[in-house]
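Just below is one structure, and these are the notes that go with it.
The values are calculated or read from the model by the stated rules, or taken from the named source; none is laboratory data. Keep in mind the model is a prediction, meaning the values are calculated, not measured. Please note: Cβ atoms are built from the backbone with ideal geometry, for glycine as well, and neighbour counts cover all protein chains shown.
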Amino acid sequence: MFQEESQNIEYKESWKDEYLKWICGFANAHGGKIFIGINDERKVVGIKHSKQLMEDIPNKIVTTLGIVADVNLHHQDNFDYIEICIEPSNIPIAYKGIYHYRSGSTKQELKGAALQHFILKKMGRSWDDIINERAKIDDIDPKAIKYFLRKAVDAERMPVESLNDTPEEVLDNLHLIEDGKLKNAAILLFGKEPARFFTCADFRLGRFIQDDTDLIFQDIVEGNIIQMADRVMETLKSKYLISPIHYEGMQRIEPLEIPEKALREAIYNAIIHKDYTGVQIQMKVFNDHIWLWNDGNLPENYTVETLLHKHTSKPRNLNIANAFYKAGFIESWGRGIGIIQAGFKNAGLSAPKLEATMGGVLIVMPRGCPNVNETVNETVNETVNETVNKTVKISKSEACVLDLIQNDNAITYQTLMKVTKLSRATIARIIKKLQDKGFIHRIGSDKNGIWEISNK
């Protein structure tokens, strides 16, 4: 009994020269077998002129594709059929100038970025390892280099003496210079203006309510990627996420609503694994979850399930991953998803969901901020000041509104209603309670004024 058609097996009832495309696809992938004289039901139907085909097929494979394949003649049930065995090629193979690739049980024509990645892979290189002919050493930001060195030394992954290295020495040690020319990774990691070279190297942020149709505001984080996570986190903390306030004694504590280490790890993963020939990294912050997507398919033969268990790391951008490791941003390759999952679990939050979609990888993380639509019974205690020895109680809904005002002192009733999904009357009552408790007061008119947060 013959095996079902798969990534490595194809059945054809008769020979056609166009099947050279399939042979090309197998050679460019993982090799495989094509059986001639067997139908889709895996039944031997036989072929005519088998001896002639045994001469023609090998010659056509060599002449058209430049490779050698084993072509074997078999007999079963009084029928002849041919088995063509194709080994994977270590160089790219083209059929009439077109590169074909076997993926799953289908054949694909490689074009554009997919073709570029395929050829680079066959050459044993990644996109970030390619020389950028336009780039000069003057395009490197010395401040970004110094930032990297401080992080790497603090992480004990580079010696203290490295702090005195020149940008050229740092880039050379990281293998980001070849024959005096900068690689793509050098510009991405440490460039003054990476956008001059790569149009899709920035990080897009947007604040939504429930779905993609209700965008409230957005930001674009630009610049080198070695400092990008810091800039993204700063933006998230200032405008997008909540840091519920509480006091331990007289010490003011403002932890982020979700585990910061896990969130940073997710951002690092997106930056490291992004396909920089594709579109920007996108993060959408909704009321109850965060949506983070980066362009770039999973490694071949990898699934989401693979990432959720112990696995070998296959970073798309080897040089970028190495620099992030040296800087202490990632502990070790292949552990990112595990660190994210553990961080959310330890914080008492549900596990983020991972999905391969839209030609990239999506991670959906739950927010840990209070749900202001729930009935509020719990309270948080805040010690007011040293002279008044009392505790002011503030509800979750009040805490949410207070944090929104703290992030935007000109926030309107309309925006507060959109974000919290509360009525105008309820917002007005919360505002009055916060004023009565001395947490906020209004400066200027209702229309053009701003809120001021008390220093309590």
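Of the strands (runs of 3 or more DSSP E) lying entirely inside the stretch 63-121, the ones with 2 or more residues being of a type in the set (Val, Ile, Thr) are found at 79-86. The lone criterion from (1) within 43 Å of the chain's Cα centre (by Cα); (2) farther than 20 Å from Ser89 by Cα; (3) modelled with pLDDT of 95 or more left unmet by Leu53 is number (1).
Here Ala270 does not qualify as part of a helix (DSSP H, G or I), in contact with a Pro (Cβ under 9 Å, 6 or more places away or on another chain) and modelled with pLDDT of 95 or more. When Trp291 is tested against (1) modelled with pLDDT under 95; (2) surrounded by fewer than 18 Cβ atoms within 10 Å (Cβ to Cβ); (3) under 17 Å from the mean Cα position of the chain (by Cα), only condition (1) is not met.
Tell me, please, whether a residue that is closer than 26 Å to Gly360 by Cβ, outside the structural domain of Thr63 (by TED's automatic domain parsing) and among the small types (Gly, Ala, Ser) can be found in the stretch 157-180. So far as the stretch 157-180 goes, no, none of its residues is closer than 26 Å to Gly360 by Cβ, outside the structural domain of Thr63 (by TED's automatic domain parsing) and among the small types (Gly, Ala, Ser). Considering the conditions (1) out of contact with any Cys (no Cβ under 8 Å at 6 or more places or on another chain); (2) touching a residue at least 12 places away in the same chain (Cβ under 8 Å), Ala94 is excluded by exactly one of them, (1). Can you say whether Ala144 is touching a residue at least 40 places away in the same chain (Cβ under 8 Å), in contact with a Leu (Cβ under 9 Å, 6 or more places away or on another chain) and assigned to a helix (DSSP H, G or I), as far as the supplied structure shows? For Ala144, the condition - touching a residue at least 40 places away in the same chain (Cβ under 8 Å), in contact with a Leu (Cβ under 9 Å, 6 or more places away or on another chain) and assigned to a helix (DSSP H, G or I) - is met.
The residues in the stretch 410-452 that are surrounded by 13 or more Cβ atoms within 10 Å (Cβ to Cβ) and at pLDDT below 85 can be counted, and the count is 4. Considering only residues in the stretch 179-196 that are of a type outside the set (A, V, I, L, M) and crowded, with 17+ Cβ neighbours inside 10 Å, the one that is farthest from Glu133 (Cα to Cα) turns out to be Phe190.
Which members of the stretch 258-284 meet the condition of being buried (at least 21 other Cβ atoms within 10 Å of the Cβ) and over 16 Å from the mean Cα position of the chain (by Cα)? If the condition is that a residue be buried (at least 21 other Cβ atoms within 10 Å of the Cβ) and over 16 Å from the mean Cα position of the chain (by Cα), then Ile258, Pro259 are the ones that fit.
Taking the stretch 325-340 as the range and being free of Cβ contacts under 8 Å to residues at least 60 places away in the same chain and part of a helix (DSSP H, G or I) as the test, only Gly338 passes. In the stretch 367-409, of all residues being crowded, with 18+ Cβ neighbours inside 10 Å and at pLDDT below 70, the one that is farthest from Leu292 (Cα to Cα) corresponds to Thr383.
The set of residues from the stretch 199-229 being of a type outside the set (Val, Ile, Thr), under 19 Å from Ile145 (Cβ atoms) and buried (at least 16 other Cβ atoms within 10 Å of the Cβ) comprises Ala201, Gly223, Asn224, Gln227, Met228, Ala229. Screening Lys48 with (1) modelled with pLDDT under 95; (2) in a helix (DSSP H, G or I) gives one miss only, at (2). Leu163 meets each of the listed conditions (1) assigned to a helix (DSSP H, G or I); (2) within 30 Å of Asp56 (Cβ to Cβ); (3) not hydroxyl-bearing (Ser, Thr, Tyr) apart from (2). Here the stretch 303-324 is the region considered, the condition is being assigned to a helix (DSSP H, G or I) and modelled with pLDDT under 90, and the residue that is surrounded by the most Cβ atoms within 10 Å (Cβ to Cβ) is Leu307.
Quick grid of which residues meet (1) on the phi > 0 side of the Ramachandran plot; (2) not β-branched (Val, Ile, Thr):
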site	(1), (2)
Ile23	no, no
Ala27	no, yes
His49	yes, yes
Met54	no, yes
Ile61	no, no
Leu65	no, yes
His75	no, yes
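Just one of (1) farther than 21 Å from Ala327 by Cβ; (2) surrounded by 15 or more Cβ atoms within 10 Å (Cβ to Cβ); (3) at pLDDT below 90 fails for Gln116. It is (2).
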